[in-house]
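Undergrad: Mind having a look at this structure? Questions to follow.
The values are calculated or read from the model by the stated rules, or taken from the named source; none is laboratory data. It should be emphasised that the depicted structure is a prediction, and the values quoted were computed from it without experimental measurement. Methodologically, a virtual Cβ is constructed for each residue, glycine included, from the backbone with ideal geometry; neighbour enumeration extends over all protein chains shown.
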Amino acid sequence: MSLPLHKRYEIIFLAKNRHGPHFGINKIAEILNCSTSTVKRWLSRWKTGKYLDDHIREGRPRVTSEAQDNSIVNAALVIDEPTSQKVQHQLQKHSLNVSERTVRRQLHEAGLQYSLPLSKPLLTSKDRQDRSQWATQVQNLD
């Protein structure tokens with residue numbers, strides 16, 4: 001886990017501030033309860049650019065183009081009760097091979113709500129029958 005920003009500034013204050021105590025690397029690491037390599041890293045970053053924020057991480061490059069992203073969203077809008085599997089099969093008919101996870105990710109980025117398909121019916125016919133019998137019994141009690 002990354003060191004919190006306030007601790008990074010404490011490292012700089014304890015080592016470099018002209019009104020500060022000018023402690024060494026080991027003493028700073030002991031005071032802030034972190035490793036000496038962490039103290040060295042933040043001191044070197046401060047020395048090179050006076051910059052203590054985290055580096056921006058770009059992540060993995062996108063595999064799908066913007067046109068493909070739009071076609072994923074459009075396919076989901078056309079299908080009744082869309083699931084990622086249905087959208088994936090629809091796209092494969094149009095020779096666009098994407099994973100179900102990619103479909104879900106694109107729908108989420110487009111602001112569409114995705115939910116998993118139901119694996120079973122909510123009520124069986126026996127449950128419905130038992131409920132209706134109970135409701136008529138309770139109604140007769142009033």
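Undergrad: Out of the residues in segment 28-45 that are in contact (Cβ under 8 Å) with a residue 12 or more places away in the chain and part of a helix (DSSP H, G or I), which is surrounded by the most Cβ atoms within 10 Å (Cβ to Cβ)?
TA: Our first condition is that a residue be in contact (Cβ under 8 Å) with a residue 12 or more places away in the chain; within segment 28-45, this holds for 28, 31-32, 34, 38-40, 42-43.
In the following step, the residues that additionally are part of a helix (DSSP H, G or I) were identified as 28, 31-32, 38-40, 42-43.
Numbers: ILE28: 23, ILE31: 14, LEU32: 16, THR38: 18, VAL39: 27, LYS40: 14, TRP42: 21, LEU43: 18.
Within segment 28-45, the match that is surrounded by the most Cβ atoms within 10 Å (Cβ to Cβ) is VAL39.
Undergrad: Against the conditions (1) among the hydroxyl-bearing types (Ser, Thr, Tyr); (2) exposed (fewer than 14 other Cβ atoms within 10 Å of the Cβ); (3) in contact (Cβ under 8 Å) with a residue 24 or more places away in the chain, where does THR64 fall short? Just the number, please.
TA: Failing condition for THR64: (2).
Undergrad: What residue, among those in segment 46-85 that are assigned to a helix (DSSP H, G or I) and among the hydrophobic types (A, V, I, L, M, F, W, C), is nearest to LEU32 (Cα to Cα)?
TA: Step one: list which residues in segment 46-85 are assigned to a helix (DSSP H, G or I), which gives 46-49, 66-78, 84-85.
If we keep only those that are among the hydrophobic types (A, V, I, L, M, F, W, C) as well, we get 46, 67, 72-73, 75-78.
Numbers: TRP46: 17, ALA67: 50, ILE72: 49, VAL73: 49, ALA75: 54, ALA76: 52, LEU77: 53, VAL78: 57 Å.
Of everything passing the filter in segment 46-85, TRP46 is nearest to LEU32 (Cα to Cα).
Undergrad: Could you grab me the full set of residues in segment 86-105 that are free of Cβ contacts under 8 Å to residues at least 24 places away in the same chain and either touching a helix residue (DSSP H, G or I) at 6+ places or on another chain (Cβ under 6 Å) or assigned to a helix (DSSP H, G or I) (or both)? Walk me through how you get there before you give the answer.
TA: Filtering segment 86-105 for residues free of Cβ contacts under 8 Å to residues at least 24 places away in the same chain gives 86-95, 97, 99-101, 104-105.
Hits for segment 86-105 are LYS86, VAL87, GLN88, HIS89, GLN90, LEU91, GLN92, LYS93, GLU100, ARG101, ARG104, ARG105.
Undergrad: Are any of the residues in segment 113-122 surrounded by 11 or more Cβ atoms within 10 Å (Cβ to Cβ), at pLDDT 85 or above and not aliphatic (A, V, I, L, M)? Steps first, answer last, please.
TA: Looking only at segment 113-122, we keep the residues that are surrounded by 11 or more Cβ atoms within 10 Å (Cβ to Cβ), and these are 114.
Those left that are additionally at pLDDT 85 or above: none.
Scanning segment 113-122 turns up no residue that is surrounded by 11 or more Cβ atoms within 10 Å (Cβ to Cβ), at pLDDT 85 or above and not aliphatic (A, V, I, L, M).
Undergrad: Name the residues in segment 11-24 that are part of a helix (DSSP H, G or I) and either of a type outside the set (A, V, I, L, M) or surrounded by fewer than 17 Cβ atoms within 10 Å (Cβ to Cβ) (or both), would you?
TA: Narrowing segment 11-24 to residues part of a helix (DSSP H, G or I): 11-16.
PHE13, LYS16 - these are the residues of segment 11-24 that are part of a helix (DSSP H, G or I) and either of a type outside the set (A, V, I, L, M) or surrounded by fewer than 17 Cβ atoms within 10 Å (Cβ to Cβ) (or both).
Undergrad: Would segment 67-74 turn up any residue that is touching a His at 6+ places or on another chain (Cβ under 9 Å) and surrounded by 10 or more Cβ atoms within 10 Å (Cβ to Cβ)? Before the answer, list the steps.
TA: Filtering segment 67-74 down to residues touching a His at 6+ places or on another chain (Cβ under 9 Å) leaves 71.
Those left that are additionally surrounded by 10 or more Cβ atoms within 10 Å (Cβ to Cβ): 71.
Looking through segment 67-74, at least one residue is touching a His at 6+ places or on another chain (Cβ under 9 Å) and surrounded by 10 or more Cβ atoms within 10 Å (Cβ to Cβ).
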